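The values are calculated or read from the model by the stated rules, or taken from the named source; none is laboratory data. Worth saying up front: this structure is predicted, and the values here are computed from it rather than measured. Note that each Cβ is placed from the backbone with ideal geometry, even for glycine, and that neighbours are counted across all protein chains shown.
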Amino acid sequence: MSNAAYDAVCTHPIPPRMRNGTEVPFIGPNFEAYKKAHAETVGPNADQWWAQMARELLHWDRPFQTIRSGSFKTGDIAWFPEGYINASYNCVDRWAFEDPNKTAIIYEADEPGNHKYISYGELLREVSRVANVLKRFGVTKGDTVSVYMPMTWQAVAAFLACARIGAVHSAVFPGFSSEALRDRINDCRSRVVLTADEGRRGGKAIALKALADKALEGCPHVEHVLVLKHTGSENVGWVAGRDKWWHEESAKVPNYCPPELLNSEDGLFILYTSGSTGKPKGIMHTIGGYLLGAALSVKYVFDVHPDDRFGCMADLGWITGHTYLVYGPLALGVATTVFESTPTYPTPARFWETVDRHRLTHFHTAPTAVRLLRRLGESHVQNADLSSLRVIGSVGEPINPEAWHWLNDHVGRRQAAIVDTFFQTETGSIVVSPLPGAIECKPGSATVPFLGHEYALLDPVTGKELEGSGVEGVLVFKNTWPSIARTVWQDHNRWLDVYLRPYPGYFYTGDGAVRDKDGYIWIKGRVDDVINISGHRLSTAEIESALILYDGVAEAAVIGANDELTGQAVHAFVTLKREFKYDPTDEPALAKELVLQVRKVIGPFASPKKIYITPDLPKTRSGKIMRRIMRKIIAGEGDQLGDLSTLAEPGVVDVIKAKVAASA
Ligand code: WT7
């Protein structure tokens, strides 16, 4: 879309369940209400508002006096510095004391029917036991603990057990390879690793302990490995002295562990993000500020009320799992869902059956899953009762309008709100998103800054703030907020270099964005995915959106490749819907049609130079398309692809290489 075209997109009214549903939205009923609320949370009163929220939403063991200190300029951010606060107490004890029988976790096991509800009382006992076990292992405040666990409710307990005693957890997504795990354990020098015999996903077992054992061959500092017996596999390797069963150790310790007195700025967790270059960065979050951002955004972005049942489908190994599965919902004392399976196991109706079974009020997933399900038709979503849903969330990448509409029509059935939520590992919690009772949505736009946040779009070259509407620039944030990360683990200089030095005084997201005439923000994707054709700036996401509008297209990935004539040229990789019929011997005809499609939706200058029809795209296990790989293959550097261990299906790389070679 040209910048002007964003202005033409229709808004969707606030949906019925946000106007006259069972709960009155916290912020509504319209844009004016949002504007008023937002204005009170930035500017001269901002600190007072943050302080009020911190006192209202969290329990402090010792009150803070200072609200905010430090700045992006000086890279010394701190919030509530005299305050003492325990995240585990906030997420578990207060609710367990109030009502020990209230459901804390809805565990939806891989096999349908094997679900289990874990109460706050039970969670407090499990968290306490694991915390006591960690203490017996000699873990104390400030130590790191690596968590390589499947999607089980005990993994949530593991996070909270670390938080309880002031240990810094470092979760590693269970889809990561041994080598990736080894590097992440070593980088933060964990002496203790928590894992399970096996994970289970889509009916298949994942040999987590075996993968961990392989990794640990290269981790000389690790002294203790606590192993959850999850599948009960007979085939578990054992290193005597180092390895201990979770249930055996837990049986030795009391069911209660007092929470440690911790400073608001003590570390809560590290989470590694793979930057575009170099080794992964251990992004570091601290307790008080992070927890406030998590609780506040769940409350207002998802409009969560005390009896809600929140369902975030993300894996615990990603920031979305940390903030929107564990800390946010539990800090508010609501039920949260641990979903162990896949969207299509045993059938594509799995998500909808889960929502129906547990009467989930909130369903939060990624566009990649929506596109996958959309490609499988509508019949799978039609039989479930989805009337409990009030808010549906999307996160992780720009959502194609087609996917947005599919969610709205078939999942929300035009009754529920859709929130396209933008955030990053670094921002800790959502920074741009609609508020469901106040903001009319435009499909594909993450809409407006969250309460307490002030953004700017900068000219990437001059670094000057762009004013007015119809402008496009790099997205930055102006003032610190509580849940912004504090540093890169053991590498503060890298933190400054990547995020705070590019535009002094601002936090640099690395994303480009447009502001339309209504002040709505359209995230265009990473600035490194922006391509320039004959001086025309295009986002790869935009061309992908155009391609996906084509009836038979399921997914598309676009990259910019160097071109003698135009600077860069568009290369598009496309997968087709399963039911789409075409003659595979006549791919050129289909490719031509797809080029026409892009010309039609965006304009002739955006025409792909090459279209590759492939059975799949290289993706990380979290579903992010790895354009880097296609870029390298196109650039003739297919032999220098580096570490492919994070790919869901490494085999797809060879298929793509062959395709590209054949079309050269
Ligand atoms: C990057 C952060 C935080 C979600 C999990 C990924 C992209 C995230 C959106 C959205 C457009 C989005 C950005 C961002 N992104 N949400 N709603 N619309 N883009 O976390 O791995 O730290 O990735 O994901 O490019 O910079 P992450």
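Descriptive notes on the structure:
- Arg413 passes every criterion in (1) within 16 Å of the ligand (Cβ to nearest atom); (2) without any contact (Cβ under 8 Å) to a residue 40 or more places away in the chain; (3) on the phi > 0 side of the Ramachandran plot apart from (1).
Here's the yes/no breakdown for (1) assigned to a loop (DSSP other than H, G, I, E, B); (2) within 16 Å of the ligand (Cβ to nearest atom); (3) of a type in the set (Phe, Trp, Tyr):
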residue	(1), (2), (3)
Glu353	no, no, no
Leu360	yes, no, no
Leu389	yes, no, no
Pro398	yes, yes, no
Glu402	no, yes, no
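- Residue list for the range 581-640, filter: under 27 Å from the mean Cα position of the chain (by Cα), polar (S, T, N, Q) and surrounded by fewer than 18 Cβ atoms within 10 Å (Cβ to Cβ): Thr620
- Residue within the range 335-350 that is of a type outside the set (A, V, I, L, M), within 16 Å of the ligand (Cβ to nearest atom), at pLDDT 95 or above and touching a Phe, Trp or Tyr at 6+ places or on another chain (Cβ under 7 Å) present: no
- Taken across the range 432-441, residues that are in contact (Cβ under 8 Å) with a residue 12 or more places away in the chain, within 13 Å of the ligand (Cβ to nearest atom), within 24 Å of Glu542 (Cβ to Cβ) and assigned to a loop (DSSP other than H, G, I, E, B) do occur, with at least one present.
- Among the candidates Phe173, Phe269, Phe159, residue that is part of a helix (DSSP H, G or I) and within 28 Å of Arg125 (Cα to Cα): Phe159
- Selection from the range 19-55 of residues that are assigned to a helix (DSSP H, G or I) and acidic (Asp, Glu): Glu32, Glu40, Asp47
- Checked against the criterion of being buried (at least 24 other Cβ atoms within 10 Å of the Cβ) and over 24 Å from Gly328 (Cβ atoms), the range 144-162 has no qualifying residue.
- For the range 307-321, taking the residues that are in a loop (DSSP other than H, G, I, E, B) and farther than 24 Å from Val381 by Cβ, the one that is nearest to the ligand (Cβ to nearest atom) is identified as Trp318.
- Hey, Leu641 at negative phi and touching a Pro at 6+ places or on another chain (Cβ under 7 Å) or not: no
- Strands (runs of 3 or more DSSP E) lying entirely in the range 177-253 (those with 2 or more residues that are in contact with a helix residue (DSSP H, G or I) (Cβ under 7 Å, 6 or more places away or on another chain)): 192-196, 224-228
- Flag: Tyr272 matches the condition of being in contact with a Ser or Thr (Cβ under 9 Å, 6 or more places away or on another chain), in contact (Cβ under 8 Å) with a residue 60 or more places away in the chain and within 23 Å of Ser178 (Cβ to Cβ).
- Contact map, the range 75-98: first residue assigned by the TED database to the domain that holds Ala51, second residue crowded, with 24+ Cβ neighbours inside 10 Å and modelled with pLDDT under 95, Cβ cut-off under 7 Å, separation 6 or more or different chains; the map is empty.
- Any chance Leu292 is more than 16 Å from the ligand (Cβ to nearest atom), in contact (Cβ under 8 Å) with a residue 40 or more places away in the chain, of a type in the set (A, V, I, L, M, F, W, C) and outside any helix (DSSP H, G or I): no
- Number of positions in the range 322-350 that are touching a residue at least 40 places away in the same chain (Cβ under 8 Å) and outside any loop (DSSP other than H, G, I, E, B): 15
- Subset tally (residues that are assigned to a loop (DSSP other than H, G, I, E, B), buried (at least 24 other Cβ atoms within 10 Å of the Cβ) and within 15 Å of the ligand (Cβ to nearest atom)) for the range 416-425: 1
- The lone criterion from (1) closer than 16 Å to Phe423 by Cα; (2) hydroxyl-bearing (Ser, Thr, Tyr); (3) crowded, with 24+ Cβ neighbours inside 10 Å left unmet by Ser264 is number (1).
- If you go through the range 216-248 and keep only what is crowded, with 16+ Cβ neighbours inside 10 Å and at pLDDT below 95, you end up with nothing.
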